[in-house]
Amino acid sequence: MLFESSISKRVKEEAAITIAALVKFNKNVFVGLVLMGPTIKALIAMASGCSVRVLSSLIRFIRSPLVDEILCSGEIPKIVGFLRSSDLGLGVAALDCVLELGYIGRREVVEAMLKIDLVEILMDLQREEGCCESDCDFAFECCVSRFAIQVEVGEGLSGEEKREVKSEIL
C-alpha cells in the first residue's frame, strides 16, 4: 500500500505507521524488509509530517544500518530540504529526523548534512522564531545548539571527531 500510486496519502501514512510498529514489535523479522525494500524512498517521497516522523522512528529502532542506507541512497539532502517546507508539521518532523541522524550517524553522515548548509538552514529557522502567532512559536528554538548537542552526545562519532564537528557547527 505504501508504494501504490492510486492509494490515498492518508492510507499510505497509516501503512507507514504500521511498518514502524512492526519493526518495533520484532526487529529481527522486519528490519530486513525495510532496508532491502523501497520503504525509505517511499516515506521521503510522501513528504508529509507523518511520513518523516515514521522515518525518525525507524532510525531510532534500526539505528546505524538505516542511517547508512539513507546516506548511501542520497536521501539526506531531501530530508534537510524538508526543513524549509512551508508545512510546519513537515519542518518540525524534519528537524527531529535531522537530530536523530546527528545522534546516530557516523562522521560521513554529519559531514553530508553540514555540506548542504544545515547549520545555515537551522540558523535561519531560529531567526524566524516568533514570527508566527500560534503554538509553533518555539518549534525551532535553539535548533543549532540542539543539533550540536545531539552530535556531541551521540554514538556515531569518536571523541576527537565530536570535538572537530562541534567546533565546525558552532
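Peptide packing: for 147-154, 31-38, the average count of neighbouring Cβ atoms within 10 Å per residue gives the ranking 147-154, 31-38, highest mean first.
Solvent exposure of the chain amounts to 51 Å² per residue of accessible area, where only protein heavy atoms count and the probe is 1.4 Å.
Which lysines does residue 24 reach when only Cα atoms under 19 Å apart count, and residues fewer than 8 places away in its own chain are ignored? Counting by Cα, and skipping residues close in sequence, residue 24 has these lysines nearby: 12. Take the Cβ atoms of residue 25 and residue 88, set R0 to 25 Å, and the FRET efficiency comes out at 0.25.
Taking the protein heavy atoms of the chain in the context of the full set of protein chains, the accessible area attributed to carbon and sulfur is 54 percent at 1.4 Å. Toward the positive end of the charge dipole of segment 1-92, about the Cα centre and with charges on Cβ (Lys, Arg +1; Asp, Glu -1), which of 64, 36, 92 goes farthest? The one lying farthest along the dipole's positive direction is 92. Candidate cross-link partners of residue 166 among the lysines, defined by an alpha-carbon separation under 26 Å and a same-chain spacing of 8 or more, comprise 78, 115.
In the chain, helices alone account for a calculated mean residue ellipticity at 222 nm of -22000 deg cm²/dmol, with every DSSP H run of four or more residues adding -39,500 (n - 2.57). What is the distance in Å between the Cα centroid of segment 44-59 and that of segment 63-126? If you average the Cα positions of each part, the centres end up 12 Å apart. If R0 is 35 Å, the Cβ-Cβ spacing of residue 152 and residue 10 corresponds to a FRET efficiency of close to 0.35.
When +1 charges are put on Lys and Arg Cβ atoms and -1 charges on Asp and Glu Cβ atoms, the dipole computed for the chain relative to its Cα centre reaches about 680 debye.
The Cα atoms of the chain define a convex hull whose projected area, averaged across directions, is 9.9 nm².
The values are calculated or read from the model by the stated rules, or taken from the named source; none is laboratory data. Not measured: the values here are computed from a predicted model. Cβ coordinates were reconstructed from backbone atoms using ideal geometry, including for glycine residues, and neighbour counts include every protein chain displayed. Just the protein is used for accessible areas: all its heavy atoms, side chains included, with ligands, DNA and RNA removed. Shrake-Rupley method; radii C 1.70, N 1.55, O 1.52, S 1.80 Å.
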